Amino acid sequence: MALDLFRTKSVEQSIRDTEDPEHQLKKNLGALDLIVFGVGVCVGAGIFVLTGQVAATSAGPAIAIAFLLAGLACGLAALCYAELASTVPVAGSAYTFTFATLGEFLAWIIGWDLILEFTLASSALATSFSQYLGVLLEGTFLEIPPALATAEDGVINLPAGLLVLALTAVLVVGVKLSSRLNQIITGIKIAVVLAVVVVGIFFVKISNWSPFIPPSQGAAGSSESALHRPLVQTLFGLEPSVYGVGGVIAAAATVFFAFIGFDVVATTAEETRNPQKNIPIGIFGSLAIVTVLYTAVSLVITGMQNYQDIDPADGAPLATAFNAVGVPVMGGIIAVGACVGLVVVSMIMFMGQTRVAFAMARDGLLPQYLAKTHPRFGTPYRLTIVAGVIIAVLAALVPLSTLVHLVNIGTLAAFVMVSIGVIVLRRKRPDLPRAFKVPFVPVVPIISALLCFYLMLNLNLDTWWRFLIWLVLGTVVYFAYSRRHSRVQRGAQAAQP
């Protein structure tokens, strides 16, 4: 019976399931749509907030190197995603790929992990949108009353909840509408980011980049609980420190949050025209664009303002940097860009969650009732509505200010599984047509898996505990419900004599 846990779902069966009229998604997306989706979800809190905060606390000007390291890890994982997405063009991303290679139980764990990641990320980003909106409307007749502005200091975060409900309607109507909305808002965000680079470069002082990698020093408060230290320090008995090479690596594990997005592209494979060609273009195109943008912004922000002068508690470090050099008008422009940008990021994270859960429901691991698509719009409307209500409640009632690390560890775990999956599927099914192939297999996937796992080790111990608790809960759900309702398990039992 234990072997049943690792029973795989064939690629052919996965593709046949997409042809069921009740569970069929419309193919509306092209390569440009996918690139914009990837860029749209990446350019958000990572670039508008983390750039300054992580420079101040971990890496100094070498935050640019941290972005490049995180981009390298994502690039290697992207190669693996591109091969699997072009070979198995089915909704579900890492969940579907793991099911086809490593078996049902590990696929469930990854799917359960991704549901948490996307749900909390969408909720947190909606909350961030509400905070930026409050700043923009402050002092006007539309100013949001404190009781309705935040869940921390008020009664409810009404703007965040209403935003998620509006996005629910957009996603129910159709992915093409959400794609058009994404293109418009992403264009605004890119214009704001380019303005930051073009205007900011005139205020850069080379002296602020020296030393580029600040010397390592003991971490403030290092005598406090080990729960707040990177796991790698606990495992190997390393002294808590910031800056230096270790600080840069720890920073890379944190700013990895800024790259979460290209994997969402893979969740849309089933809704993409010619996915074998367009999915790799969407993944690599979006990843290349955001890596260049992040590196440029990080160099400008640390060149405009010495990293020691950046307030790590500042929720708008880019705007603060321009205020410090006497250009407050840029602060307002950045606030607008961040506000509208977070709408798209929240929407795409929301969409990613529904596509992963949709694939799991279609396989019977979640109630199949949720997997039915709308007869007119071709979207998983039931699942979208249920998820929308849950995300809206979380965004409106729960303070979500410390989710970055938890989201990161879930994504990195998925990347490790996908990297291993490429090797397994190459050996198990060498006959499958592959529109894109990872070079130098198994070397590149192994390096990808090891690099992602090392970044996981640089996340705090309390993040690992929360992650493990969620996985234990998922394991209970699997054995209590999912395994008994799995279509693959029931099909195998029916085939037995």
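A compact table of results
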| read-out | value |
| --- | --- |
| Estimated [θ] at 222 nm from DSSP helical runs (n ≥ 4, -39500 (n - 2.57)) normalised by residues in the chain, nearest 500 | -21000 deg cm²/dmol |
| N323 versus T234: modelled label distance in nm, points set 7 Å from Cα along the beta carbon direction | 3.7 nm |
| Listed peptides 293-304, 339-350 by packing density, highest first (mean Cβ within 10 Å) | 339-350, 293-304 |
| Between 0 and 90°, nearest 10: helix 381-397 axis offset from the chain longest Cα axis | 30 degrees |
| Packing-based order for 423-430, 472-479, using average beta carbon neighbours within 10 Å, highest first | 423-430, 472-479 |
| Crossing angle, helix 404-428 versus the chain [Cα axis fit, 0-90 degrees, rounded to tens] | 40 degrees |
| In order through segment 156-166: 3J(HN,Hα) via Karplus (6.51 cos²θ - 1.76 cosθ + 1.60), integer Hz, x for Gly, Pro | 7, 9, 5, x, 5, x, 5, 4, 5, 5, 5 |
| Pairwise FRET efficiency - E19 versus L165, Cβ, R0 = 30 Å, nearest 0.05 | 0.40 |
| Helix 443-457 axis, angle to the chain major axis (alpha carbon atoms, nearest 10°) | 60 degrees |
| Rounded FRET efficiency, nearest 0.05, which uses the C-beta distance separating L32 from H485 and R0 of 41 Å | 0.60 |
| Cβ-Cβ FRET estimate between A195 and V393, R0 fixed at 56 Å, reported to 0.05 | 0.95 |
| Residue-by-residue Karplus 3J(HN,Hα) for segment 341-356, coefficients 6.51, -1.76, 1.60, Hz, glycine and proline x | x, 5, 4, 5, 4, 4, 5, 6, 4, 4, 5, x, 4, 5, 6, 5 |
| Dipole of the chain, positive end: most advanced residue of I213, L425, I281 [Cβ charges, Cα centre] | L425 |
| Simple Cβ-charge dipole of the chain, Lys/Arg +1 and Asp/Glu -1, about Cα centre, in debye nearest 20 | 1640 debye |
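We did not get these values from a lab; they are worked out from the coordinates using the rules stated. Small disclaimer: the values here were computed from a predicted structure and weren't measured. Please note: Cβ atoms are built from the backbone with ideal geometry, for glycine as well, and neighbour counts cover all protein chains shown.
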